[in-house]
1. Quick one: which residues, 5 or more positions from A:Val238 or on another chain, have an amide H under 5 Å from its amide H? H modelled 1.01 Å from N in the peptide plane, none for Pro or chain starts.
2. Just the number: Rg to Rh for segment B:4-44, Cα atoms, Kirkwood Rh, two decimals.
3. Please give the net charge around B:Ala145, taking every other residue with its beta carbon less than 14 angstrom from that of B:Ala145, where Lys and Arg add +1 and Asp and Glu add -1.
4. List, shortest first and in nm to one decimal, how far the label point of B:Asp103 (7 Å from Cα along Cα→Cβ) is from its counterparts in the other copies.
5. Just checking the output field for A:46-59: average partner chain Cβ neighbours within 10 Å of each residue's Cβ?
6. For B:Met256 and B:Val317, compute 0.36 nm times the residue count separating them, minus their Cα-Cα distance, and round to one decimal in nm.
7. Take the alpha carbon atoms of segment A:228-278, find their center, do the same for segment B:150-218, and report the distance between the two centers in whole angstrom.
8. For segment A:228-277, what is the convex hull volume of its Cα atoms per residue in Å³?
Protein chains: 2
Amino acid sequence: MVTIHDVAARAGVSPATVSRFLRGQRVRSYEAIQTAIDELGYWPSAAAQSLKSGRTNTIGVVVPDITNPYFAAVVKGMESVTRTEPYRILLANSDESSEQEDDVLADLVRRVDGIILAPATEQDETPLHVRDADVPLVFVDRDLAGGERFDAVLVDNDGGGRQAAEHLLALGHTRVAAISGSLDTTPGRLRREGFVSTLAKAGVEVPPEYDLVGDFKEHSGYQLTLSLLSLPEPPTAVFAANNLMTLGALKALHDMRIDIPGQISLIGFDDLDTGPLLRPPLTVVDRPMFEQGVLAMRLLLRRLDPDDGGGMASRVVLDTKLIERASTAPPGGHPSPARTRKTRSR
Amino acid sequence: MVTIHDVAARAGVSPATVSRFLRGQRVRSYEAIQTAIDELGYWPSAAAQSLKSGRTNTIGVVVPDITNPYFAAVVKGMESVTRTEPYRILLANSDESSEQEDDVLADLVRRVDGIILAPATEQDETPLHVRDADVPLVFVDRDLAGGERFDAVLVDNDGGGRQAAEHLLALGHTRVAAISGSLDTTPGRLRREGFVSTLAKAGVEVPPEYDLVGDFKEHSGYQLTLSLLSLPEPPTAVFAANNLMTLGALKALHDMRIDIPGQISLIGFDDLDTGPLLRPPLTVVDRPMFEQGVLAMRLLLRRLDPDDGGGMASRVVLDTKLIERASTAPPGGHPSPARTRKTRSR
DNA sequence: ATCATCACTGACATCGATTTCAGTTTGGAG
DNA sequence: CTCCAAACTGAAATCGATGTCAGTGATGAT
């Protein structure tokens, strides 16, 4: 490896002068130094710089599953921010597991200047350890019990659940099932609460056999949908609390030759790139993805700015939006011609 | 920050002894040291360790677009390998741009022990610089002109293009269009070559106005499909050379109210999680994704193993597989009843 | 010609962990 | 009780870059 000493020797100056040159200070022999750097192909050692400065210029990002299009979009948003900064992203999957998250975080705190985390569960204790390590922490998508003191970028999950419920109520559904994500997570818990409580206010109860809990993975959406179909009286509408479980539900309904929305209406949470192209086009509760990543990274970089005053935790909560497509319709019947036309028109 | 000196002082030993304890050597006062570590919450500094050892335990991964489900799956495969190793992944997007790739690589070589790269173009020179920096390099998905001396995990793109062509030929198509990816990339060039040359051998020429080149992004698939539809004599079948452009094509065909496969058959490259659920279910050339990531990471870790002999470059080429669904059919007509039943049966 | 001022320079200490080398301690044998 | 080998320990050097501090050299004013 070629070091600053090699460059100094070849340019006939001291390492200190080379260092000054690198940091943009005026130096008498800049020509000789530049030549030496080019000829030797010198690049300063990141490890040595980190040791001296105490900064790694690296941000740790921990998400449950990078193949979930939602998280992929969020990470891309983060990446778009770091592009113009000297920061890089150290990426890790937690696989929806607190233990893996623990392991990964313990390692990350030693290597990064800050961390953006979508915690596997709300009860997770580790992130507080992260704070002990004096590494700034920002939550994205999911929150933590007692996490109010950290920056966070979230969405109005409760409101999203409400929107889904109101949509189904407006269509006249009364036998309504929910496939929730893990209730240990903020989105899992709040989406269900918003959904169930809104139905309850309208006098529609969700009986236990309709009130199912999955794990945000496609397989659980598939299995739980099958179990709904095996009931003596299946629901006329199903709400799935994230994109992957919605796909699982859709696959199950296809496999069982259920007509959507003729026999069962399906509404999901989180839009998909393919959402409009599916059979049928999916009605979903949508939310900003890329933008969440951008905001989370900006919050973190602000914390890392030495001129930043510190200040209170920023808690950003974005709104969800209902996108009506063709997978929902009044119970029993086929989609009304009006609805169909409306959906197809754009 | 708590250092090894603090621990040593509290345990009443020298830093050298603490270091030995950390590296698992036998030490008389291990109890006192362990206690001191716990009480102080000590973690060794990654920067200092890197400086001393010359290793960062970090792998750089550069892909064109992490929101492409193919690359997300590949990265997840890589991650699954590093999970049981002390390595972490530094992730960067090149956005299909050689310049961004350059910038990112110049920075990465200073921070990582090895790099896995899906180059933006075949003509890219930078990766050779990476080699100058003595950082092992593995290609995934895409190759480089003159890259034969590097490890690589690729697929038989030429064969995949051939499979697509043979499928369309078997259905009887003669007016066939290709939406290729950038011809500067291995997959862009080879998929087109395999496709066009197979058609040519069967006496089917692809005229210039059918022989279009996109950039692997959804928008180009959309635009190029529209341009095909505006021709006086549009094709009866379209081959799109990756998943995103296939989606773009599908959207364009929907927007223009084209019946698939009644008026136009569509075949894609790379399956999607939603592939079977689309309108219509897509016929595609599929290939291993997760597995490609696993293999690439294994190759790289082998290079990093100090006991490894060095040895020749490993060039792994995986096979593609045709998945027949309902988006392709004989020209002109509706899908034959037989085909439809077959597709729906699973 | 002299001196004050300013711009620039190099030796050295430093960041935190590891490793070498020269001890010191321990345990057992005689 | 003495001695030796084996087990363990600490001081100091090291990795590469940077910041401090005490200079050296040039420039201009007198």
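What follows is calculated from the coordinates using simple rules that are stated; it is not laboratory data. What you are looking at is a predicted structure, and each value in this text was computed from that prediction instead of being measured. Counting neighbours? That spans all protein chains shown, and the Cβs are built from the backbone with ideal geometry, glycine included.
1. A:Ala177, A:Ser265, A:Leu266, A:Ile267
2. Numbers: Rg = 8.5 Å, Rh = 9.6 Å.
On the Cα set of segment B:4-44, Rg over Rh gives 0.89.
3. Taking every Cβ under 14 Å from that of B:Ala145, the sum is -3.
4. Copy-to-copy label distances at B:Asp103, shortest first: 3.5 nm.
5. Counting other chains' Cβ atoms within 10 Å and averaging over A:46-59 gives 5.
6. Contour length minus the Cα-Cα distance gives 18.1 nm.
7. First find each Cα centre; the distance between them is then 36 Å.
8. It is 76 Å³ per residue.
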